[in-house]
Amino acid sequence: MKALTFILRLEEPLLATQPNAGEANSATSYAFIPGSMIRGALVRLYQEQKAISDLAGDPEALSLFFDGTVCFLNAYPVLPGSGARMLPAPLSWFTDKDAAGDMRAKILDFAIAEDDKIQKPKHPKGEFLAGTSAGVILFDPVRQVNVHNASTDRNRKAAGVSQVYRYDALAKEQVFGGAIISEDETLLKVIAALLGKTMFLGGSHTGGYGRVTVQKDDPISPDWQEYQPENTRSTDGMAIITLLSDAILPAGSATAVDALVQALGVSQVENAFYDIRLVGGFNRKWGLPLPQSWALMAGSVFRVKKETLPVNAPSGIGERQVDGFGRIAINWHTATTQQRVPLKNEAGIVKADLTPTSRKIAAKMGTQILRTRLEKNLIAFLTDNLNFSDLPSSSQLNRVRVATRQALLTGDTGAISAHLQSIRGAKKFWEQARLNGSSLYGWVIGHSHMDESQFRKTFQVAENLPTVAEETVVLDEKLIHEFCTRLIDGVMKLAAEQSREKEGR
């Protein structure tokens, strides 16, 4: 397939509004630039250049924009430093929930083989991917949320005359890669001539949205491929079909899977991982929205028997293929596992540095995530079956609790062990006391002097700590001391309650 490829750099935030995106007064952008939006902008440029209003009577316009001879694909994020157009991440990829944000965690493809070892499967973070020699990079475009105020009287802001609304748009200074494909190179050359250095895409142009600069590739690619199939791996007689864009399938089928079976011409789907969303569009000439339809979401994955696929499998299915809908890939990913690598580790790629304030916010968010996990594991430890025997008096146990409170204030857990070691007459009762068959005295001393490795084991802290915006949490001594102290305090509270029951209080 011949293709005109180009780069779109956002000079302003871009609002590619998706339907059913929340509040009626607000708008949320897709994470990509729809092909219909690019086609619409080029139609407008063509009309201005040709000075015609009725495109239905122009044979060239019909071939360029309407009869499907030329298809305008979605513009997806570009891998920084390489210029490669990313593609939607497969919905069959899963990792453990606790490692979903880990940039180095391995990813399992459930379309190839499921793994019972993943207790809490979750999609890894990142809507788009790019393959590299080291592994796969998952990426989410940056968004920019702006609050606006519309008033019938622009000099007055008050209830009844003003309306507050929010735009969740693609942030400026990002780069997206687009492609326009056709077997007719002549038509692509006509479109290439229309592509200027600047275009306006999306909505709210007068509000400071939608200005992009265009960098088109020259010459037109004679044999362009949207993806590289993995032919070297075996899928045991199965073919893996992945949607590279939303697919609007004909109505009338009982389920979305049935519609896909009909569109592809296969006998049945062996396994499916998919989602749906509402899609629409906008006709700027008439100032009206296009009819909305439910579509299979980009990234949906279906496993079918290879022998049932047509010999010449289509590259697109469903309706509105001229707008880039219904693009499919066959055996694009056929490995059981994928190694995820962070963007910053890829050679030649440099991500924009965060501001000092943003770094502090990211670090604070990561610490809060870690604290939430520690709180959960602390509760799990204290609600587990703790078996006490031969306990000291409740007053002795409560004195240790007083020491833990002092330790929380000073950040020094040594005050707890110092208190126990200073006991004279009651020390023998502490040495006789047992927690789950082991010495309660030794347990308190040991947990008041835990190092990082012991702490990780006790609180089940994974090797890879949470990362937010490339800012990795640091497991510092202050956090270790706090949760060790709270753990001792919680155990002492439970022991004191049991001791009081035996004392008959």
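Summary table
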item	result
A259, sole failed condition from (1) part of a loop (DSSP other than H, G, I, E, B); (2) in contact with a Leu (Cβ under 8 Å, 6 or more places away or on another chain); (3) not hydroxyl-bearing (S, T, Y); (4) not assigned by TED's automatic domain parsing to the domain that holds F72	(1)
Qualifying residue in region 70-89 (condition: farther than 30 Å from S133 by Cβ and among the basic types (K, R))	no
Where a residue in region 370-388 is within 14 Å of L475 (Cβ to Cβ) and its partner, wherever it lies, is among the aromatic types (F, W, Y), with Cβ under 8 Å and at least six apart	L374/F459; L374/F483; N377/F459
Candidate set from region 1-15 (those that are in a strand (DSSP E or B) and among the hydrophobic types (A, V, I, L, M, F, W, C)); member that is surrounded by the most Cβ atoms within 10 Å (Cβ to Cβ)	L14
Evaluation of G68 against (1) farther than 27 Å from M1 by Cα; (2) more than 21 Å from the chain's Cα centre (by Cα) (one fails), failing number	(1)
Leading residue by the ranking (farthest from A407 (Cα to Cα)) among those in region 480-505 that are surrounded by fewer than 18 Cβ atoms within 10 Å (Cβ to Cβ) and within 44 Å of the chain's Cα centre (by Cα)	L494
Cβ pairs under 7 Å, 6+ apart, first in region 129-144 and in a strand (DSSP E or B), second modelled with pLDDT under 90 and charged (D, E, K, R)	V136/R340; I137/E346; L138/K125; L138/R340; R143/D168
Any hit, region 32-49, residues being crowded, with 21+ Cβ neighbours inside 10 Å, of a type in the set (A, V, I, L, M, F, W, C) and either modelled with pLDDT under 90 or more than 17 Å from H205 (Cα to Cα) (or both)	yes
Unmet requirement for L91, which otherwise passes all of (1) modelled with pLDDT of 90 or more; (2) outside any loop (DSSP other than H, G, I, E, B); (3) of a type outside the set (D, E, K, R)	(2)
Test: residue in region 67-79 that is touching a helix residue (DSSP H, G or I) at 6+ places or on another chain (Cβ under 9 Å), assigned to a loop (DSSP other than H, G, I, E, B) and modelled with pLDDT under 90	yes
Cross-chain or 6+ apart pairs with Cβ under 9 Å, region 306-326 first and in the same structural domain as G178 (by TED's automatic domain parsing), then part of a loop (DSSP other than H, G, I, E, B)	none
Sole exception among (1) over 30 Å from A169 (Cβ atoms); (2) in a loop (DSSP other than H, G, I, E, B); (3) modelled with pLDDT of 85 or more for A251, by number	(3)
Of residues in region 405-439 being within 49 Å of the chain's Cα centre (by Cα), in a loop (DSSP other than H, G, I, E, B) and modelled with pLDDT under 85, the one surrounded by the most Cβ atoms within 10 Å (Cβ to Cβ)	T413
Residue list for region 427-464, restricted to those being touching a Ser or Thr at 6+ places or on another chain (Cβ under 8 Å) and of a type in the set (K, R)	R434
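The values are calculated or read from the model by the stated rules, or taken from the named source; none is laboratory data. In this text, all values refer to a predicted model and were calculated from it rather than measured experimentally. No Cβ is skipped: glycine too gets one built from the backbone with ideal geometry, and neighbour counts run over all protein chains shown.
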